[in-house]
Amino acid sequence: MGRVVAAVLVAVGFFAYGVLLAGASSTPAHFHVDAAGARQNPKQNNPQFETLRGREGYWRLGRDAAGVWWFVSPEGRAEFLNGVTTVQPTLLGRDPAGPHYVSRDWQSDPRTTSAKDAWAKATLARVNEFGFKGLGAWCDPVFHRHDVPVTRDLNVSTYLVGDERDVFSAKWERRVEQIIRDQVTPLRESRGLVGYYTDNELDWGSGDDEATYRKARRYFEVTTRLVRKYDPNHLVLGVRFRGDAPKAVVRASAGLTDAQSVNYYPHDAKLDRELFETLHRLSGGQPVIVSEYSFHALDGRSGNRNRFGFPAQVADQGARAEGYRNMTSRLARLPYVVGADWFQWMDEPPSGRVRDGEDVNFGVVDVTDREYELLVDAVRETTPKLNGLHGRSASDSYADVWRETDTALAGTAE
């Protein structure tokens, strides 16, 4: 999913680094979740950690005495982070006549820093009020200047062409260094940045063989080393597997990345036990992030018909809300899962997004920027329960977490 979004946002992202990220490190993160649901006292939820990964003063990963993994804030709070991806001021459709998504708070010249900051402040208030704790991938870079946890996808392989794609070549490494350096250097002091995904939904093949392992090991050795060279302060969060994770690739990441990540779209809100245990066990015990998940229906107000054939379709808006409650809670009940990001903030335009025509009712808001009330209620109700569920997850029975048969397997993202 994110791969095709990225191509639309690439130009915006690189422009933003020169303008919007100036001063990104000047505002430290003091993110707390609100009394209604999503915010909590920063003095609470500070367990003792037996293992910590990351640099003090920035977002880290920690495992407590019960064996539960957490995101750890710069202030030392343990959090199961539930976020939302693709928070942008606009999303254009293929039909020039529209409708397109345009944020209700987007009113000014997109090239100016003040316009983006005003939009970001207003939109972030909505994101928090809806109950999300943070922002996932594909969000506008302006948020690095604001008080919110954000993950970022470097999307390294998207920028490679021709023989630059040979991971064993010096040309590949030189180009990858440039791509990583240009993106992470402006963010190295940001306390709101949680960490980086280095890529999204790469085609690794399906073989669990030595050739796949060597290729993947080379990829992880170089990309992780280069991220740490230019930004030693932030986590390396994996490559956002596309619904499945080749075992050789997971093994190749052991001792290099800080976490595993997967885009996962089941329509039944249940989890594939083999997939999740493989991600955790074969990586050498790394925690896991669900970097995208979602449910969509045909009764959304934007008029989406899902002609693209995307999986994880459910009956109606009520089922979308129930899917959020069930899947997010189930993920929090696994001791090695540390967060999950809903794809995405807005519905896609009914004529399909420009790059590939995908036209799906993914949104927390519709194309007129009006929230889906049932889904927002589900987020607000679920968020205050997540840390408690996660804190007890080492002793959970997992009775309704795992899918019992091979039917209704997870769809994969595009």
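The values are calculated or read from the model by the stated rules, or taken from the named source; none is laboratory data. Only a predicted model underlies this, so the values are computations on that prediction, with no experimental measurement involved. Quick reminder, even Gly has a Cβ in these numbers, built from the backbone with ideal geometry, and neighbours come from all protein chains shown.
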Do you know which of the residues in the range 172-219 that are over 25 Å from ARG152 (Cβ atoms) and charged (D, E, K, R) is modelled with the lowest pLDDT?
ASP208
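Just to be sure I understand, how many residues within the range 367-383 are more than 25 Å from GLU79 (Cα to Cα) and hydroxyl-bearing (Ser, Thr, Tyr)?
2
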When you scan the range 98-105, do you find a residue that is crowded, with 22+ Cβ neighbours inside 10 Å, hydroxyl-bearing (Ser, Thr, Tyr) and assigned to a loop (DSSP other than H, G, I, E, B), even just one?
no
Here the residues within the range 174-214 that are part of a loop (DSSP other than H, G, I, E, B), of a type in the set (A, V, I, L, M, F, W, C) and touching a Pro at 6+ places or on another chain (Cβ under 8 Å) are TRP204
Residue match in the range 295-317 (condition: under 18 Å from the mean Cα position of the chain (by Cα), under 26 Å from ALA78 (Cβ atoms) and in contact (Cβ under 8 Å) with a residue 24 or more places away in the chain):
no
For the range 308-367, which positions are under 21 Å from THR151 (Cβ atoms) and among the β-branched types (Val, Ile, Thr)?
THR328, VAL337, VAL338, VAL364, VAL365
Residues satisfying the stated conditions in the range 67-84, i.e. outside any strand (DSSP E or B) and in contact with a Ser or Thr (Cβ under 8 Å, 6 or more places away or on another chain)
VAL68
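Answer with yes or no whether ALA115 is surrounded by fewer than 13 Cβ atoms within 10 Å (Cβ to Cβ), of a type in the set (A, V, I, L, M) and at pLDDT below 95. Before you say what the answer is, go through the steps one by one.
Numbers: surrounded by fewer than 13 Cβ atoms within 10 Å (Cβ to Cβ): no; of a type in the set (A, V, I, L, M): yes; at pLDDT below 95: yes.
It is false that ALA115 is surrounded by fewer than 13 Cβ atoms within 10 Å (Cβ to Cβ), of a type in the set (A, V, I, L, M) and at pLDDT below 95.
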So which of VAL156, VAL176, VAL194 is surrounded by 17 or more Cβ atoms within 10 Å (Cβ to Cβ), under 26 Å from THR123 (Cβ atoms), in contact (Cβ under 8 Å) with a residue 24 or more places away in the chain and among the aliphatic types (A, V, I, L, M)?
VAL194
